[in-house]
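Below: the structure, in structure tokens.
The values are calculated or read from the model by the stated rules, or taken from the named source; none is laboratory data. What you see is a predicted model, and the numbers here were worked out from it, not measured in a lab. Every residue, glycine as well, gets a Cβ built from its backbone with ideal geometry; the counts of neighbours run over all protein chains shown. Note: areas computed on protein heavy atoms with side chains; ligands, DNA, RNA excluded. Shrake-Rupley method; radii C 1.70, N 1.55, O 1.52, S 1.80 Å.
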Amino acid sequence: SFYFLDVCANKQKVYAAFQVGSNPFEQNTQDVEARRNARANRLLAEINDNDSVVNEDGEPIRMSKSIFCLPLVKCDDGSPTTPESIRSKFPAPDSTIKAQYPVSSFSIDPTGNVLVVGTVNGTVEIWNTSQSSRPKRTQLLSVRQSFLKRARAMTLDERITTKPLETNQQSVDKPSDNELDVSNTNRESSIQDDIALLAIGEEEFPHKHPTSKISQIYLPRHLPAQKCGFVTKQRNSDCGTTLLLWQTSNMFSGEVTNPSDRFKITAMINVPISAQCHPEVHYDGRRLLVFGKDHIGLIVLVYHVLGSLYDYDEFRGSDETKVGAKGEEAGGVINLDKEPRVKFVNRIRHAGLDGLEYFDSMLMTANERYVVVNTKTGNLIGCDGRNACEGLLVIDLLESSKDAV
């Protein structure tokens, strides 16, 4: 059985990750891998204390390192059912993607050319899937290394002394600051990381749980990944939920998108909701919505993301103060790039937005104007008492938001 799935409608492909021990394409080795990873996954579930690591029966999900690319097959219900026809509906995979660590989540962009993979160790892998039969990994990114190298640069006051021309030439072959470079991992860099941590202090480290698994990846379904970036979610039962915005350095250049463009972290959001809450997130390339619960009750947080040059004037215009807001007004936003990429613009509370307990699932879907969430206090919306108690609450952002986001 699979534990994670995504579909590419453009190329009619299905990407699936199967649990170790229940993989139909690796029957010869699955029993060995199951025994090898059972203990590791059990310990992982205890450490993370995250419901998404266990199934509905409370058993640990045996995450694997493999993602299979399968073709979509047209199903003809009118044909007679025979063993041959049944086998034809389960074709062999076009290719297999092998991640460095067990896969916890992944998402394919609308073009079908870029697959973003998240792992249990807090790393992100970018795969070029333009040729489904020959996928190629173009980036291996570590959340922890990204923040450590940033802290090291700030602490040791590193400066780039190379010429601009040389920097541009080397940027194609050398990994970016947040990439894992196994060949250059040495004792000196480890000492520098330790010095950086001692200088800033662990309590001041902006990301409190960088090695937590990437529980979800959010990619807009109408734009290539290089044009809008993507958002990753990490959750810790003690520190809460952290969202990271990943974008390419060339996304504002107006050039044709290239699957080899390198991603980096440009902003982080320490979501100001209860640490015990499992929030729902929606990202469309321009607006980031979070549906969660804080000390008051259910709340929808609205963030504006700078995703294109066409949005620059509106992003920096009337809400200039919100770009550099601090404290509660910042909504947990920490911009890590020279140019701010995210700002907090609104929080939505409503009498009809309540009633969910900690064991209830939070559900949300949205488009450019409307947000739909589940609620159990629908009877408080109308004064006639005829509204149902449980149901869906529809929020019109253009009408209810002062910022008209």
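Points worth noting:
- The set of residues from the stretch 332-352 being outside any strand (DSSP E or B) and at negative phi comprises L336, D337, K338, E339, P340, R341, R349, H350, A351, G352.
- Candidate set from the stretch 293-314 (those that are more than 20 Å from Q226 (Cβ to Cβ), not β-branched (V, I, T) and not in a strand (DSSP E or B)); member that is modelled with the lowest pLDDT: E314
- S274 meets the conditions (1) out of contact with any Asp or Glu (no Cβ under 7 Å at 6 or more places or on another chain); (2) hydroxyl-bearing (S, T, Y); (3) outside any strand (DSSP E or B) in every case but one. The failed one is (1).
- Summed over the stretch 216-239, residues that are more than 19 Å from T365 (Cβ to Cβ) and in contact with a Gly (Cβ under 9 Å, 6 or more places away or on another chain) total 4.
- Positions within the stretch 256-280 being closer than 21 Å to I126 by Cα and modelled with pLDDT of 85 or more, in sequence order: R262, F263, K264, I265, T266, A267, M268
- Close pairs (6 angstrom Cβ cut-off, 6 or more residues apart or separate chains): without any contact (Cβ under 8 Å) to a residue 60 or more places away in the chain in the stretch 228-243, open to solvent by 20 Å² or more (accessible area, probe 1.4 Å) and of a type in the set (A, V, I, L, M, F, W, C) anywhere: G240/A275
- Top-ranked residue in the stretch 227-245 [being more than 8 Å from the chain's Cα centre (by Cα) and among the β-branched types (V, I, T); ranked as surrounded by the most Cβ atoms within 10 Å (Cβ to Cβ)]: T241
- Here T161 fulfils each of the conditions (1) open to solvent by 80 Å² or more (accessible area, probe 1.4 Å); (2) within 20 Å of F25 (Cβ to Cβ); (3) at pLDDT below 85; (4) not in a helix (DSSP H, G or I) apart from (2).
- Counting only strands (runs of 3 or more DSSP E) that fall entirely inside the stretch 88-147 and contain at least 2 residues that are of a type in the set (G, A, S), the qualifying elements are 103-108.
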